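The values are calculated or read from the model by the stated rules, or taken from the named source; none is laboratory data. None of the values given here were measured: they were computed from a predicted structure. FYI the Cβ positions are ideal-geometry reconstructions off the backbone, even for glycines, and counts take in every protein chain you see.
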Amino acid sequence: MQEEKNFKINFNRILCEEMGKAFEVKPLPLDPEFKVKHSDKEKNVFIESEYHGCTKTGGLRFGEMDFGGSMLVDYGCVPPAKNYDFPIFGFDFIYASKFLIGVIDLHPISRDKEYMDKYILPLKDVCEKYKWIPKAEGGRSESHEWAKFYNSGFAFYLWCDTKYLPNLEEAFRDYINVFCDCIKKAEPLTDQEILLRRDNYMERYRDDYTTKDPGSAPMKHHFGEEWGERYFREFLFAP
């Protein structure tokens, strides 16, 4: 059992490092109730979260859930600021002693060709670059049915052996770099119809990820239904 407690993942640190190369990234105040939360059910289960400001975004919102050292989960969401509609950057990484799961994508707010060509098409080569990594036996290789509405078409979704951790870190950096380019390209929105579309999308995104994401179940189990609901709606997926 002690051997299982020796691993560590650094995806949240990588997010800040990579985005910090392109933009100023600085810590923002976070409700202490969300910053650190310990489970009432199991002594060694806890969440640590951070919130960082970054130009044109709604902030880097991320956390790490530690299951007593036997499993770690890094996850995060970077939405566009209220007057932008570039894609939402979302990620989840689960690292246990015998498997590693990585999910990375840029969720497009629009599906029209101009938008997809501008923001999403650059992901194609990144997605192809990592298709050689073998899927773990019995693991999933695509998102859940409800989540396909948000899939860019070039998502990284893989269950694999833990020896591929360096490759998943490299893939994460590549996706972040494409996302940084999206931010650089983005111009403030003035069209009220596009702004309304953006707001409606963000509301649906928050509702679906709060109620349907499989990751919400263990969080609500360990930390309570009410706290889990607030954490998702008021912090992680806040519009």
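You will find that of PRO108, PRO87, PRO134, PRO122, the residue that is surrounded by fewer than 19 Cβ atoms within 10 Å (Cβ to Cβ) and closer than 19 Å to LYS56 by Cβ is PRO122 and no other.
Every residue, every condition in (1) basic (Lys, Arg); (2) closer than 24 Å to MET65 by Cβ, yes or no:
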| site | (1), (2) |
| --- | --- |
| ALA96 | no, yes |
| HIS107 | no, yes |
| MET116 | no, no |
| LYS129 | yes, no |
| PRO134 | no, no |
| LYS148 | yes, no |
| ASP161 | no, yes |
| ILE183 | no, no |
| ASP191 | no, no |
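Within region 97-112, being out of contact with any Leu (no Cβ under 9 Å at 6 or more places or on another chain) and either within 17 Å of GLY138 (Cβ to Cβ) or touching a residue at least 24 places away in the same chain (Cβ under 8 Å) (or both) holds for SER97, LYS98, PHE99, HIS107, PRO108, ILE109, SER110. ARG204 meets the conditions (1) within 27 Å of ALA81 (Cα to Cα); (2) touching a residue at least 60 places away in the same chain (Cβ under 8 Å) in every case but one. The failed one is (2). From the list TYR175, TYR201, the lone residue that is in contact with a helix residue (DSSP H, G or I) (Cβ under 7 Å, 6 or more places away or on another chain) and assigned to a helix (DSSP H, G or I) is TYR175.
Of all residues in region 69-96, those being out of contact with any helix residue (DSSP H, G or I) (no Cβ under 8 Å at 6 or more places or on another chain) and among the β-branched types (Val, Ile, Thr) number 2.
The residue of region 139-176 that is farthest from SER97 (Cα to Cα), among those that are in contact with an Asp or Glu (Cβ under 7 Å, 6 or more places away or on another chain) and polar (S, T, N, Q), is SER152. Filtered by the rule that a residue be touching a Ser or Thr at 6+ places or on another chain (Cβ under 9 Å) and modelled with pLDDT of 95 or more, region 158-188 gives a lone residue, ILE183. If the condition is being modelled with pLDDT of 95 or more and of a type outside the set (A, V, I, L, M, F, W, C), then region 56-81 contributes LYS56, THR57, GLY58, GLY59, ARG61, GLY63, GLU64, ASP74, TYR75, GLY76, PRO79, PRO80. Counting only residues that are surrounded by fewer than 22 Cβ atoms within 10 Å (Cβ to Cβ) and assigned to a strand (DSSP E or B), region 62-75 holds 6 of them. In this structure, is PHE89 among the hydrophobic types (A, V, I, L, M, F, W, C) and at pLDDT 95 or above? In short, yes.
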